[in-house]
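Q: Here it is, the structure in full.
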Amino acid sequence: MAQDITLSAASRATLLSLSNTQSLISRTQNRLSTGLKIASVVDDATAYFQSKTLNDRAADFSEKKDSIDQAISSVNASLEAVDAVDSLVRQLKGLAITAKAATGTELTNIVTQYNDLRSQIDLLTGDASYQGLNLINGTGETLSVSFSNLTASLLEIDSVDLTVGTTGLDVSSAVAGTAAASWANASAITAAIAELDAAITTLRSSGSTLGSNVSLLQTRLNFTKSYVDVLEGGASKLTLADINEEGANLVALQTRQQLSISALAFAGQSEQSVLALFR
């Protein structure tokens, strides 16, 4: 039958102190290795779930941040295309102005250049897609950007029509019947220049609208980035360990451990002194 070992009160107190100290050392070493003072619900349920809530919200906004960033790229692609179309229209206007003083073969060549350049507008707008979305190649498409989980917190950008035609850029062809027939007189060319001026105004308006949307998106993107940092910083305050403090704690605990071991040895020596009396 196993026999219980009886220890003195001093030895039992010292052993209990050693056990508690070892537990604290293990906890401190874990904090130093992970960098966390709250790693699970067991450590501190309230702080753990508060931190999780903040981190979850930060994750939600991080997803929104990515979509906002992509939306900016999409609108910027459209703005680049608007600038390119504007350049083409200005070249068309230059040809129309030149045509006023041209005759015969020279006028025919200008008309050919004009129509070739005009056809490039639709080709360019057709190429201005970003991830399958084209905001300038006709109406009907919408870029929808959500800023948060709130239903109303979003921006919708409708596409515009910058193709050649009465619903887009009303820029008539310089050919009607035979080559240069429509530009056979100065009044026809003046009408074409008026159309081009109207097209330039339309391009300015579209560019301004898209540009204001980019500005709004950039503002929301900057806010979202800062907000995510604040949320993650708040979560870290609840769970991260102070490495300097934990390092100092470890040194103090190791010192306490050595003192407890020494105290246990002293307690054993006093018992050995009693034993020596019976020799």
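Q: Report the label-to-label distance for ASN109 and ALA39 in nanometres (one decimal), using points 7 Å from each Cα along the Cα→Cβ vector.
A: Here the modelled spin labels are 8.2 nm apart.
Q: At what distance in nm do the modelled label points of THR53 and THR209 sit from each other, each positioned 7 Å from its Cα along Cα→Cβ?
A: Going from the THR53 label point to the THR209 one covers 4.3 nm.
Q: For ASN149 and GLN91 in the same chain, what is the full-extension length gain: residue separation times 0.36 nm, less their Cα-Cα distance, in nm?
A: 16.2 nm
Q: Follow-up question, since we're still on this one. In square nanometres and to one decimal, what's the mean projected area of the convex hull around the Cα atoms of segment 193-235?
A: Here the figure is 2.5 nm², rounded to one decimal.
Q: Taking R0 as 25 Å, what FRET efficiency do you get between GLN120 and ALA191 from their Cβ-Cβ distance, rounded to the nearest 0.05?
A: Working from the Cβ atoms, E equals 0.70.
Q: Find the centroid of the Cα atoms in segment 59-74 and in segment 117-174, then give the distance between the two in whole Å.
A: 20
Bear in mind that the values in this text are calculations on the coordinates, not laboratory data. Being a predicted model, the structure only gives us computed values, none of them experimental. All Cβ positions, even for glycine, are placed from backbone atoms using ideal geometry, and neighbour counts span all protein chains on display.
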